[in-house]
Each structure stands twice: as C-alpha cells, then as structure tokens.
Amino acid sequence: MQEANRKFDIRKAPFLKEMMETTQHMWRFGWDERNGGNISRLLTEDEVAPFVDLQQTPRILQLPFPVAELAGRYFIVTGSGKYFKNVKDNPEDTLGLIRVQEDGASIEIWWGLANGGQPTSELAAHFMSHMARLKVDANHRVIMHNHATNIIAMTFTHELDEKSFTKALWQMCTECIVVFPDGIGVLPWMVPGTKQIGEETARKMAEHRLVVWPHHGIFGSGSSMDEAFGLIETAEKAATIYTLIHSHRSGVKQTISDRELSELAQAFGVTPRQGILQLEN
Ligand code: 2HA
Ligand code: ZN
C-alpha cells in the first residue's frame, strides 16, 4: 500500500492543485460561505492515470438521473456538504475523483470523498451542463457554481428578464460585453439540488456560459478553470458596480416568496419557526 501511495501521489496532480487554489480564492472572495458552491472539471484518463491507481476497486454510487452521454468520463468534483474553506488542507475529504460508468446510471469514486462522502448536491446541474456545453464547444471542461454576493443582490433589485439583466451588466464595465458577449441566462427561482433545476440550467447553458439562479447564485462554464472563474469574476464585478450606483434609489422588485420558502423547507425537511411565513391555503 505504501508502495502504491508512493507511485500515485495525487498531490502532485495539476488538477488537484488547481481545485485547492480555486476553492480557496472563491472562499476568500466571500462567494462560498459554509458549504456553498461546487466545482466539477472534466479530465481525460491520461490526465488521471499518473496520479490515481486505476487498478483498485472503486466505490460505486447510483445516479438518480442517467447521463449516458458522459459514459467513461472522469471528473474531479467538490463534495456534498463540504466547505470550500477546508479544501486546501483536506482535499481527500472534500474532493472526489469520479468516473461515469458505461451505462451512465452510476459513478465510480476512484479517490477522495473519504469518510463516505458524496459528490456535490448539484451534480445534476453540473453533469447536464457539461453535456450541454460539450455539444457547442469541444474544448469545454469546467462547471463552477457559487454564491457571488452582488449577483445575488442584483436579483432582488433588477428585473429577472435575461436580456435586460445582460444589458445592465454590459453597461457597468467596458470589458463585460467582450468577456461574455453570449450574455447571461436567468432562471426563475427554483428549489436547488434537483433534476429539474439541472435540466433548466443546462437548457440555458446551450446558449450562455453564465446562468444566474435568482436569490441563490451563479453558474459559470469554460474550457479551463481560469475561464469559468474569470467569467464569474467579471459578472460579479459588474453586479457590484450596479449595486453601488443603484443603492440609493432602487427598491426590491422581487424576493423569495413565502410559498417558495415553504417549498424549500419541505424539500430539505426542516420546520420553519411558526408565525413568520404567511401562507394562504
Ligand atoms: O451547498 O451551493 O446550491 C452547495 C450549494 C447548493
Ligand atoms: Zn448554491
């Protein structure tokens, strides 16, 4: 075992170093409080094989949604419930190296997610978005989600029409239209972690590399970690300026409704304190 460990040192893998650094940057930006945010990066077997023993027997997890188009593909992913803050010091617990099985109905865990961990709770949105982006860009590799603060703020004060949302961002910084000419997709508010939000995110990803989840966060994609990160960073910069210049005259145009909060509580099995939500029957 020691011999195997010496031969396969995943700490030397460029993709691991990149995940450790990126998650730390995102946490320091304040975009990934607690277990917020998730990243998945496509890898080839050639990128993985020097660093992971592919002769072992992997742990298998069934997927609640089939992804036949991704059969045989490897990914490094963040783990469900894991804190970006902790990835740097404990990658084996917080990250996982996974491969989609031939039938697309389950995944193999080849490294990481130690202690029985699971891949990101947003795996549906990640896998479906990878499929959508690969159809339009053979060089696509990365899907990244976080809770970029000012993008979220803007989903309260700006209408959720994606054309005008895109234009408002483009108008804030000269660089924006250059960095994301494909604009930004905007979904309606939805319960996260579901197949439905995965499908809707992927539908938007067919046309945009950035997709906003109102009152929640943003998804970015790219052919590299830098590209996905840079897209989100640029949109967040524009949203920061929008929020700064509108802070004195804008009111809240929409928020998460009581009914939506109630659906959210039901979906996650928690009981909200009595007397706060006003729900008509
Ligand atoms: O907890 O960000 O959307 C991870 C998330 C869910
Ligand atoms: Zn989130």
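Here are some notes:
- Per-residue [θ]222 nm for the chain (sum of -39500 (n - 2.57) over DSSP H runs n ≥ 4, rounded to 500): -12000 deg cm²/dmol
- Surface calculation, 1.4 Å probe, protein heavy atoms: Glu162 sits at approximately 50 Å² accessible.
- Largest accessible area first, the listed residues Lys82, Lys12, Lys167 line up as Lys12, Lys167, Lys82 when surface is computed with a 1.4 Å probe on the assembled protein chains.
- Take region 159-281 with all the other protein chains still there, run a 1.4 Å probe, and you get 56 Å² of accessible area per residue.
- Only protein atoms count toward the accessible area here, which uses a 1.4 Å probe; on the chain, the carbon and sulfur part of that area reaches 50 percent.
- For the pair Ile60 and Gln266, label points projected 7 Å from Cα toward Cβ lie 3.5 nm apart.
- Accessible area per residue for region 1-140, computed on protein heavy atoms with a 1.4 Å probe, is 48 Å².
- With a Förster radius of 30 Å applied to the beta-carbon distance between Glu175 and Val252, the computed FRET efficiency rounds to 0.60.
- Per-residue SASA entry for Arg34, accessible area with 1.4 Å probe, Å² rounded to 10: 150 Å²
- Ignoring lysines fewer than eight residues from Lys7 along the same chain, the ones with Cα atoms less than 19 angstrom from its Cα are Lys17.
- Using R0 = 22 Å, the C-beta based FRET efficiency linking Asp182 and Ser224 works out to 0.85.
- Chymotrypsin sites (Phe, Trp or Tyr not before Pro) lying in DSSP loop within region 164-266, provided at most 10 other Cβ fall within 10 Å: none
- Our note on the geometry: Cα centres of region 135-187 and region 265-281, 31 Å apart.
- FRET efficiency for Glu69 and Ala49, using Cβ-Cβ distance with R0 set to 25 Å, rounded to 0.05: 0.65
The values are calculated or read from the model by the stated rules, or taken from the named source; none is laboratory data. In this text, all values refer to a predicted model and were calculated from it rather than measured experimentally. Backbone-built Cβ (ideal geometry, glycine too); neighbour counts: all protein chains shown. Accessible surface is based on the protein model in full, side chains and every heavy atom, while ligands, DNA and RNA are left aside. Shrake-Rupley method; radii C 1.70, N 1.55, O 1.52, S 1.80 Å.
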